[in-house]
Amino acid sequence: MYGGGLARGCPQGHHGKITQQTLKTFHKKQVNHPHRQNAMKKHTTLKPDVLPVCNPVVDSPLLCVAILFFTVLLVSPGFNIVAEAASQVTRQPRIYKMHITPHWIDDGTRFWYRNDLPNNEREFVLVDALQGTRRLAFDHAAVARQLGSNVNPKRLPIESLNFDMPNNRIWLIGITNQWILDISTGKVTPATNSQNRSFPNQLPRTFVPRPTSRTGAESHVVFINQTTNEVKLFWIDFDGIKHLYATIKPGDTHLQHTFGGHMWLVTSKTGELLGVFEASDLPSVAIISTDQFISTNQFRDRKISTPPDYTNCSGHQLNVKIKDHNLWLKDQEGNEYPLTCDGCPTNYYSHFVWAPGFTHLVAWRVEPGDTNEVYLIQSSPPGGGRAKLERRPYPTPGDKFPRYELTIVCVTNKSILKPAVERFEHVWERPKIHWEKDGLHFTWWQVDRGHQRARILEANVLTGNVRTVFEERSTTFIWTAHTESMRLQLVNWLTNTDEIIYVSELSGWRHLYLIDIKSGSVSPITQGEWVVRGIDFIDETNRVIWFSASGREPNQDPYFLHHYKVNFDGSNLVRLTEGIGTHTIQFSPDRRFLIDTYSRVDLPPVHQLRRASDGMLICELDRADASELLANGWTPPIVFTAKGRDNKTDIWGIIYKPKNFTPTKKYTVIEQIYAGPQGYATPKSFSEVINPPPLTELGYVVVQIDGMGTAHRSKQFHEVCWRNLRDAGFPDRVLWHKAAAATFPWYDISRGVGIYGVSAGGQNAVAALLWHNDLYKVAVAACGCHDNRLDKASWNEQWMGYMPPDQIWVNSPTNWYAQNSNIENASLLQGHLLLIVGELDRNVPPESTLRLANALIQAGKDFDLIVIPNAGHGLGGPFGERKMKEFFLRHLPPNK
């Protein structure tokens, strides 16, 4: 369920909400896509009817969106197709200067960045952080005159810069040409052929394909095919699935729009892997050659590599390997000896590490967990033929997890110690140990099944004695799984001292603590009624932490991120960011300076340069220009708060008004919900609200709310979800809707409220019609987890806790899993329900939706069900979105 289609974790603005009409418009107007870059040489024109299309085999919503943002335009030499198309086709509004990507120069006191501006103009800006000045990086007009009489200084054929300060010159890097600008004289000369062979911004080539894991700044890569054959270019998506984007002829270059961190794979026509490139946050070059290639079969198979035959302890002529489930030693004469003899298929040694003195090994003997499987049926495989069955291991709550037994081996005398400590039990993670300075003690972090106890343990390799350095307990849960939205590690071992920076909600609010491993003392570094949200950097030398937090600044949205620094002892807490909004920062290489970008749903990004030591404002760099968006009729959502169920806590949400809004009219309300406890769903930054929910196009008011049970407020606020996912903050949401109706005359809930959600939001949407149908009347639920016992163990046990396998499926008053199940409570349904599920959902098994359908049938309830062939986790792409719209129009039409 984690990471569902409408969850906050989805990078909106990149993989935003795509309507069927949007896709149609895009295919008609793809030359006018707002992310198009200038034309490049040696390209043939790519016609709309040969654009890559959604492959129904993969998760179609993600792929459709990827195509929308990544399709490449190929044009004839020297022709600016973007400018030409802009005069012929009505293009979509753009926002300019949304991001600043700094490129720091040499000593780290200056940087340059590029602004893309209206009318396909651009400028290169140079900033001096010491002087606090911002100016053009060079004389654009003078450079234009030297490049040619028809060159527009506001549309220079330059993509990037490289400052060569020792030689007092700037490289001006175009798509296929480079020039050198002499800073002293202002003279521009073409780079020679020998100079052109070296690209200052060339991407490194690897041969290890991996999924895209980051969406950074908007950028592009120039792929240069130096082979004698045609090659294929693929994007590797977030699930590790590759999608063909271009075919590049021998000797050709290809401009590919992308985002920093996105992975690109190049193969020969026959499938040999020619290289993998990770896009940078700045324009880059990727050279494709045939000096090395490997088969791509290893990428498709994704097999786990076997461990090496032997692991050598450097300089000590001893080697250890795992053989027949045991540890074996090979001495310098080549003789082999077993170090352990208790390994077997049901209790095998899996991994080990050497102690610093190379006299001992720390190893783990594993009792494997359950290998229960989940099944998917692909009814309509490409190419026809029989349906295909897909099966894979899928641990669910209550299943047996792998259990790791700590073992210490003395290599010199071949003795074994079995420390007296419970086995480490985890569904996917292996224990990781950290050596102390004396080389005789090591520590590790161990969380009990059910997430109610977490410990830092220490062991002595000579005696096997185990000591508890720190222990944390909770009567509800300690948040240790699916912590991605925290942007931090919970346990941070310091390298220079035997200390740990620990993150905990011991006080009821998430804060930083300093733990002394030797003494076991725990000292708060931060404290107060606010929440630490991320660690930016730990400076061990000066004992300072840079971190982000929310809720500390009075009279601001408690979710707004600000950045701070503080000493290890808790002294000298300094706020580094100032503007009212949610902030992101980029440090200079030496961390003397930072670029602070902040925004709100009603404020486009503001970029400032600040001093990292005290947050002092050096200068404002730029403000995003959203004038085109505003001129197109876009309006920001309304931020609204109301008191929650306790009549004290503020509940925050936003209200999207429909197109052609008239305040004298009444508007039907639909809620987009995602109440997964691993984050919050309501947008806080400008980029998240540029594309309003599609239902606003039909005349609905659409809202997003974060009720109790979601993250990044107090622990008391968060733990409402414990063993209680059906709550989903609904008691707060209902009050919020009523408060909004009392505040805005046009906010009409007299006929009830509609609701829709994906993944955890799908579970929530159904729960609305089961337990809160006095307000909610119509729901659309896509790929929901309708019984938490059917979904992945890691996510569900974090919030619902552990229940033994002999109890978890017993329907009794004490079974909280059953009490929270939409399936078990299907008879409570009141209202109109549409269920949508993709038959190839690899996140939440489709059986969850189908079992709910069965339970509703058994209870005599009417509902609609759409199973989408070949679709994965999500709303079901344009088809699913269209069916959702039709369902709301039929059962809860907008007011006339």
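Some values worked out for this structure:
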| item | result |
| --- | --- |
| Flag if Ala740 is aliphatic (A, V, I, L, M) and assigned to a helix (DSSP H, G or I) | yes |
| Conditions (1) more than 20 Å from Cys785 (Cβ to Cβ); (2) in contact with a helix residue (DSSP H, G or I) (Cβ under 9 Å, 6 or more places away or on another chain): number failed by Cys410 | (2) |
| Subset of the range 561-604 (residues that are among the hydrophobic types (A, V, I, L, M, F, W, C) and assigned to a loop (DSSP other than H, G, I, E, B)) | Phe568, Leu573, Leu576, Ile580, Val601 |
| All positions within the range 706-736 that are within 13 Å of Arg645 (Cβ to Cβ) and part of a helix (DSSP H, G or I) | Gln716, Phe717, Val720, Phe730, Pro731, Asp732, Arg733, Val734, Leu735, Trp736 |
| Subset tally (residues that are in a loop (DSSP other than H, G, I, E, B) and surrounded by fewer than 21 Cβ atoms within 10 Å (Cβ to Cβ)) for the range 526-547 | 8 |
| For Tyr776: the one exception among (1) crowded, with 22+ Cβ neighbours inside 10 Å; (2) under 29 Å from Asp239 (Cβ atoms); (3) not small (Gly, Ala, Ser) | (2) |
| Out of Val208, Val188, sole residue that is modelled with pLDDT under 95, outside the structural domain of Glu484 (by TED's automatic domain parsing) and more than 29 Å from Thr584 (Cα to Cα) | Val208 |
| Complete set of residues in the range 356-386 that are touching a Phe, Trp or Tyr at 6+ places or on another chain (Cβ under 7 Å), more than 30 Å from Lys321 (Cβ to Cβ) and surrounded by 15 or more Cβ atoms within 10 Å (Cβ to Cβ) | Val374 |
| Those residues of the range 132-179 which are part of a strand (DSSP E or B) and farther than 30 Å from Arg592 by Cα, in sequence order | Gln178, Trp179 |
| Selected residue [surrounded by 15 or more Cβ atoms within 10 Å (Cβ to Cβ) and out of contact with any Pro (no Cβ under 7 Å at 6 or more places or on another chain)] from Leu406, Leu440, Leu389 | Leu440 |
| Subset of the range 236-293 (residues that are aliphatic (A, V, I, L, M), in a loop (DSSP other than H, G, I, E, B), closer than 27 Å to Asn115 by Cβ and at pLDDT 85 or above) | Ala279 |
| Qualifying residues in the range 716-761 (those that are of a type in the set (S, T, N, Q) and under 30 Å from Val844 (Cβ atoms)) - the one surrounded by the most Cβ atoms within 10 Å (Cβ to Cβ) | Ser759 |
| Any chance Gln807 is modelled with pLDDT of 95 or more, in a helix (DSSP H, G or I), out of contact with any Lys or Arg (no Cβ under 9 Å at 6 or more places or on another chain) and more than 27 Å from Lys883 (Cβ to Cβ) | no |
| Out of Ser485, Ser504, sole residue that is under 24 Å from the mean Cα position of the chain (by Cα), of a type in the set (Gly, Ala, Ser), modelled with pLDDT of 95 or more and within 27 Å of Gln678 (Cα to Cα) | Ser504 |
| Single unsatisfied condition, Leu621 versus (1) farther than 29 Å from Glu697 by Cα; (2) crowded, with 20+ Cβ neighbours inside 10 Å; (3) under 27 Å from the mean Cα position of the chain (by Cα) | (3) |
| Filter result for Thr814 (among the polar types (S, T, N, Q) and touching a His at 6+ places or on another chain (Cβ under 9 Å)) | no |
| Any chance Ala481 is surrounded by fewer than 17 Cβ atoms within 10 Å (Cβ to Cβ) and outside any strand (DSSP E or B) | no |
| Residue in the range 642-665 that is at pLDDT below 95, more than 30 Å from Ala481 (Cβ to Cβ) and part of a loop (DSSP other than H, G, I, E, B) present | yes |
| Qualifying residue in the range 698-706 (condition: surrounded by fewer than 19 Cβ atoms within 10 Å (Cβ to Cβ) and in contact with a Leu (Cβ under 7 Å, 6 or more places away or on another chain)) | yes |
| Filter pass, Asp128 being modelled with pLDDT under 95, out of contact with any helix residue (DSSP H, G or I) (no Cβ under 6 Å at 6 or more places or on another chain), of a type outside the set (A, V, I, L, M) and not assigned by TED's automatic domain parsing to the domain that holds Arg592 | no |
| Positions within the range 548-560 being surrounded by 15 or more Cβ atoms within 10 Å (Cβ to Cβ) and either touching a residue at least 40 places away in the same chain (Cβ under 8 Å) or outside any strand (DSSP E or B) (or both), in sequence order | Ser548, Ser550, Gly551, Arg552, Glu553, Gln556, Asp557, Pro558, Tyr559, Phe560 |
| Positions within the range 467-526 being of a type in the set (Gly, Ala, Ser) and within 30 Å of Leu725 (Cα to Cα), in sequence order | Ser474, Ala481, Ser485, Ser504, Ser507, Gly508 |
| Matching strands (runs of 3 or more DSSP E) fully within the range 312-411 where at least 2 residues are within 30 Å of Met803 (Cβ to Cβ) and not basic (Lys, Arg) | 348-354, 360-367, 373-378, 388-393, 403-410 |
| Flag if Arg430 is charged (D, E, K, R) and either farther than 30 Å from Pro845 by Cα or not in a strand (DSSP E or B) (or both) | yes |
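The values are calculated or read from the model by the stated rules, or taken from the named source; none is laboratory data. This one's a predicted model, so the numbers in the text were calculated from it and none came from an experiment. Please note: Cβ atoms are built from the backbone with ideal geometry, for glycine as well, and neighbour counts cover all protein chains shown.
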